[in-house]
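The structure appears below as structure tokens.
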Amino acid sequence: MKVAVVHEAPIPTWSSRQLILAFEELGVEAIYLRASKIVAGIFNNKLEIMYSPSMNELTFNAIVLRNLGYITLLDQLLRRLDVFRQIESMGIPVINPADKMMLARDKYASLMLLKRAGMPVPETIVTEDIHVAMKVAEKWRDVVIKPIIGSMGLGSIRTSDPDVVYRIARTLLSLGQPLYIQKYVEKPNRDIRLFVVSNEVIAAAYRIQPTGYWKTNVAQGAKVKALKPDKELEELAIKSTEVLGLHYSGVDIAESNEGYIVLEVNASPNWKGLMKATGINPAKYIAKHIIELIRK
């Protein structure tokens with residue numbers, strides 16, 4: 001049995017190394033591949049997956065897809081998606097599936113599906129009209145402008161000033177970027193990250209924002225404290241993961257005045273802070289889940 005862990009970093013990231021070690025501890029061979037070097041082709045009247053530059057045929061029983069890499073062109077994105085679609089069409093599990101990963105990365109599309117499924121989500125708009133952005137800022141008073149595709153809180157800006165919204169919107173629109181704006185969710189200086197694997201919450205923790213700072217991302221300096229989640233939290237996290245078709249996820253939930261609100265579902269979550277706070281290594285659970293899929 002062989003499993004490939006895929007990312008685009010030149011050397012395996014910390015989470016990729018954790019996965020490789022988890023597979024090896026379970027007696028499964030694990031290799032690391034870069035997304036840009038995997039080649040899909042039709043050779044000798046059959047579908048084949050190869051690796052550049054050797055062009056040797058790749059053989060494995062499953063893929064853990066951690067990242068598609070930094071992509072600037074639609075053509076490049078489609079090429080990489082096609083690779084993993086072909087792998088899936090060959091009956092090889094890709095976890096998480098590439099199309100589902102892209103769905104989760106599209107913040108608005110994922111929130112739209114969660115809302116249609118009856119999940120509580122923040123008030124949100126997407127627009128390319130600067131006047132709409134200003135009107136929404138005036139109505140909601142406290143807003144967060146985010147990249148539609150982003151991670152670790154990078155590029156997210158919170159403001160209560162419509163003039164600031166105007167300046168940010170004007171800059172983004174001049175670069176061809178749409179505007180993704182959310183009403184800021186008032187919460188007790190923290191949010192909650194729940195890690196779901198195979199329809200089970202395996203770990204949960206508070207992410208406590210640094211003093212004087214509003215972001216709760218661990219990459220932005222938030223502290224992590226272990227949490228025993230209640231039934232409602234677990235159900236929200238599991239259902240959110242199911243709605244987006246993911247095998248595993250990191251679900252971020254806020255404690256608002258109106259109750260729990262699902263902020264985001266991450267299809268390739270990092271877990272160093274969560275592991276430090278809880279003592280639980282999600283890599284072991286992900287590896288066991290994938291081995292079970294292979295054996296079915």
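The values are calculated or read from the model by the stated rules, or taken from the named source; none is laboratory data. Computed from a predicted model, the values in this text were never measured in an experiment. Cβ coordinates were reconstructed from backbone atoms using ideal geometry, including for glycine residues, and neighbour counts include every protein chain displayed.
Here are the numbers:
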quantity: Candidate set: the range 47-76, residues that are of a type in the set (A, V, I, L, M, F, W, C) and out of contact with any helix residue (DSSP H, G or I) (no Cβ under 8 Å at 6 or more places or on another chain); chosen: the one farthest from Leu244 (Cα to Cα); calculated: Met55
quantity: Every pair of residues 6+ apart whose Cβ atoms lie under 8 Å, when the first sits in the range 154-166 and is surrounded by 15 or more Cβ atoms within 10 Å (Cβ to Cβ) while the second is modelled with pLDDT of 85 or more and small (Gly, Ala, Ser); calculated: Thr159/Ala137; Pro162/Ala137; Val165/Ala133; Val165/Ala137; Tyr166/Ala133
quantity: Members of the range 215-254 found to be surrounded by fewer than 19 Cβ atoms within 10 Å (Cβ to Cβ) and among the acidic types (Asp, Glu), listed by number; calculated: Asp230, Glu232, Glu234, Glu235, Glu242
quantity: Filtered residues of the range 1-30 (kept if in contact with a Lys or Arg (Cβ under 8 Å, 6 or more places away or on another chain) and surrounded by fewer than 16 Cβ atoms within 10 Å (Cβ to Cβ)); calculated: Ala9, Pro10, Trp14, Glu25, Leu26, Glu29
quantity: Any hit, the range 205-212, residues being part of a helix (DSSP H, G or I), of a type in the set (Val, Ile, Thr) and farther than 20 Å from Tyr108 by Cβ; calculated: no
quantity: Answer from Leu33, Leu73, Leu78, Leu65 - the residue that is within 19 Å of Ala267 (Cβ to Cβ), outside the structural domain of Pro282 (by TED's automatic domain parsing) and exposed (fewer than 15 other Cβ atoms within 10 Å of the Cβ); calculated: Leu78
quantity: First in the range 75-102 and farther than 15 Å from His7 by Cα, second anywhere and small (Gly, Ala, Ser) and buried (at least 17 other Cβ atoms within 10 Å of the Cβ), Cβ under 8 Å, 6 or more apart; calculated: Asp82/Ala40; Arg85/Ala98; Gln86/Ala40; Ile87/Ala40; Glu88/Ala98; Ile92/Ala62; Pro93/Ala62; Lys100/Ala267
quantity: Selection count, the range 242-284, where residues are of a type in the set (Gly, Ala, Ser), under 14 Å from the mean Cα position of the chain (by Cα) and over 18 Å from Trp14 (Cβ atoms); calculated: 2
quantity: Number of positions in the range 28-57 that are of a type outside the set (Phe, Trp, Tyr), within 19 Å of Pro93 (Cβ to Cβ) and touching a residue at least 24 places away in the same chain (Cβ under 8 Å); calculated: 10
quantity: Residues that are under 20 Å from Asn56 (Cβ atoms) and in contact with a helix residue (DSSP H, G or I) (Cβ under 6 Å, 6 or more places away or on another chain), drawn from the range 9-31; calculated: Ala30
